[in-house]
Amino acid sequence: MSKIPTFLDMDPGIDDALALTVAVKRLQVLGITTVAGNVSVEHTFQNAHHVLRHLGQALPVTPGAQGPLYYPLLTAKHIHGSAGLGDYTWDTADVPMPQEHAWQWIWQRLQPTSDPCHLIATGPLTNVALLLLAFPESADRLASITCMAGGMPGAKLDKAAEFNVFVDPHAADAVFRYGRHLQMVGINVTHRALLPIKDLPRLKQYGRVGGMLFTLLSYYAHTSRGEGGDPEAFPVDDVVAVAAVDAPNLFEWKSMPLTVVLEGPLRGTVVISPLETKRPEVMVASSINVPEFFEWLWASFDISG
Ligand code: BDR
Ligand code: CA
C-alpha cells in the first residue's frame, strides 16, 4: 500500500519526536516545518534536525513563527526540558536556520498540479493559521489538516484547555474558521491512550532509534506522569494524530463546527460554534480503540526505512 504524502508541522518536543519517528515509518513525509511552542522555534528547528539525523533521514526542515499570533509565547520546558528534548545529548551539530518561512515553504509545494498532500500539526497552530491567512487557496489544496489540539466539546476532560490551543488560541480559531478537510485529535482521546511506564524498555530492542526514544520518553514519563489520571502511565499525544491519518479506523469521529475561547479563565477551550457563524465542519475524534492503537504503534518500529 502506498504511503500518504504528508507535511508535518511541529514543535519538538519529546512526543513530537516520537510522532516524527513513527510518521517517517508510516507515511511519506515530504518535509517538516517547525513552530515555537514547547520551546523556542530555534530549538524546535534544531531538534527536528537532530531527530531526523538519528533516523538517517535527510528531509527538509523549515522554521516558522517565533511566537503566537497575539499572545506572548508560553513554553513547556518543565515537561520537555530546557531545550525541548529532555536531557538527551546529541552528537550532531546545529545547522543554520533558512530565511524562508514555514507557510511559504508549504504553499510552494501546494501547486494545482501537485498530488494532494496532507498536513499534520502537533504544535501551536500559528504556522497553519499563517498559511491559511496568507494563502487562502491552501485550504482546498490540502487533502486534510489534522491537528493534535484541544479536547472534544462535551467530552469529560482532565483539563479545560490543551497546551497547543491554550498557547495560541487565535491561531487555532483561525484554523477552525478558514481551514477545510479538518480533523481534530484532542486530549479526550490522547489521554485515554496512555503508555504504561513498564512498557518503555521494549523500545531498547529497536537499535539506536529505540535507544533514543527510550531515553527521551523515560524523561517525559517522569515529567508528565499522572496526566490522564494514571500515575503508572503517561500520554503520548502527538503520535495519536499520526495514527489518525494513517489508521483513521482506530477512531470514532463526530462532525461539528468549532470555535475557541480566546481570553479569560477558559482561554483555549474548544467549543461548538453556533451554526449561524457558518464555520466548516471539523471531524473530531470522539473515541479511540486503545489496544489496537498500541498494536499499531509498536508495529511501526518494525517497519524498515
Ligand atoms: C501537546 O502539548 C505539547 O506539550 C505536546 O508536544 C503536545 O503537542 C499536548 O497537549
Ligand atoms: Ca507538540
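The values are calculated or read from the model by the stated rules, or taken from the named source; none is laboratory data. Since this is a predicted model, take the numbers as computed values, not measurements. All Cβ positions, even for glycine, are placed from backbone atoms using ideal geometry, and neighbour counts span all protein chains on display.
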Checklist entry - What residue, of G305, G228, is among the small types (G, A, S), modelled with pLDDT under 95 and more than 24 Å from N164 (Cα to Cα)? => result G305
Checklist outcome for this item: Condition set of a type in the set (S, T, N, Q) and modelled with pLDDT under 95, scope the stretch 49-97, selection surrounded by the most Cβ atoms within 10 Å (Cβ to Cβ): answer is T92
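Would you kindly identify the helices (runs of 4 or more DSSP H) lying entirely within the stretch 61-155 that contain at least 2 residues that are under 22 Å from Q183 (Cα atoms) and touching a residue at least 12 places away in the same chain (Cβ under 8 Å)?
102-108, 126-134, 138-141
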Checklist entry - Can you name the number of the only condition in (1) within 16 Å of ligand 1 (Cβ to nearest atom); (2) part of a helix (DSSP H, G or I); (3) farther than 23 Å from R53 by Cβ; (4) in contact with a strand residue (DSSP E or B) (Cβ under 9 Å, 6 or more places away or on another chain) that F166 fails? => result (4)
Checklist entry - If F214 passes every condition in (1) touching a strand residue (DSSP E or B) at 6+ places or on another chain (Cβ under 9 Å); (2) closer than 25 Å to L27 by Cα; (3) more than 14 Å from ligand 1 (Cβ to nearest atom); (4) in a helix (DSSP H, G or I) but one, which one does it miss? => result (1)
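Give the stretch 287-301 a look and list any residue that's of a type in the set (A, V, I, L, M, F, W, C) and more than 16 Å from P248 (Cβ to Cβ), or say none.
The first filter runs over the stretch 287-301 and keeps only residues of a type in the set (A, V, I, L, M, F, W, C), leaving 288, 290, 293-294, 296-299, 301.
Selection gives F294, W298, A299, F301.
Every residue, every condition in (1) surrounded by 24 or more Cβ atoms within 10 Å (Cβ to Cβ); (2) more than 18 Å from H78 (Cα to Cα), yes or no:
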site	(1), (2)
K3	no, yes
P12	yes, no
D15	yes, no
L20	yes, yes
K25	no, yes
V29	no, yes
T33	yes, yes
N38	yes, no
H43	yes, no
Checklist outcome for this item: The residue that is farthest from ligand 1 (Cβ to nearest atom), considering only those in the stretch 66-89 that are closer than 15 Å to P124 by Cα and of a type in the set (S, T, N, Q), is Q66
Checklist entry - So is P248 away from ligand 2 (no atom under 16 Å from the Cβ), at pLDDT 95 or above, surrounded by 14 or more Cβ atoms within 10 Å (Cβ to Cβ) and under 21 Å from the mean Cα position of the chain (by Cα) or not? => result yes
Item to check | Residue within the stretch 117-127 that is away from ligand 1 (no atom under 15 Å from the Cβ), surrounded by 19 or more Cβ atoms within 10 Å (Cβ to Cβ), within 23 Å of A172 (Cα to Cα) and β-branched (V, I, T) present | outcome: no
Next on the checklist: Need pairs with beta-carbon distance below 8 Å; first residue within 15 Å of T146 (Cα to Cα) and away from ligand 1 (no atom under 16 Å from the Cβ) and within the stretch 8-33, second of a type in the set (V, I, T) and modelled with pLDDT of 95 or more; sequence gap 6+ or separate chains.
Outcome noted: L27/T6; L27/V242; L27/V245; V29/T6
Next on the checklist: Would you confirm whether or not the stretch 26-41 contains a residue that is outside any loop (DSSP other than H, G, I, E, B), within 16 Å of ligand 2 (Cβ to nearest atom), in contact with an Asp or Glu (Cβ under 6 Å, 6 or more places away or on another chain) and within 25 Å of A143 (Cβ to Cβ)?
Outcome noted: yes
Checklist entry - What number of residues in the stretch 34-65 are in contact with a strand residue (DSSP E or B) (Cβ under 6 Å, 6 or more places away or on another chain) and more than 16 Å from ligand 1 (Cβ to nearest atom)? => result 6
Checklist entry - Going by the structure shown, is L195 in contact with a Leu (Cβ under 9 Å, 6 or more places away or on another chain), in a strand (DSSP E or B) and within 16 Å of ligand 1 (Cβ to nearest atom)? => result yes
Item to check | Pair list, Cβ under 7 Å, 6 or more apart: the stretch 219-245 residue without any contact (Cβ under 8 Å) to a residue 40 or more places away in the chain, other residue part of a helix (DSSP H, G or I) and within 14 Å of ligand 2 (Cβ to nearest atom) | outcome: none
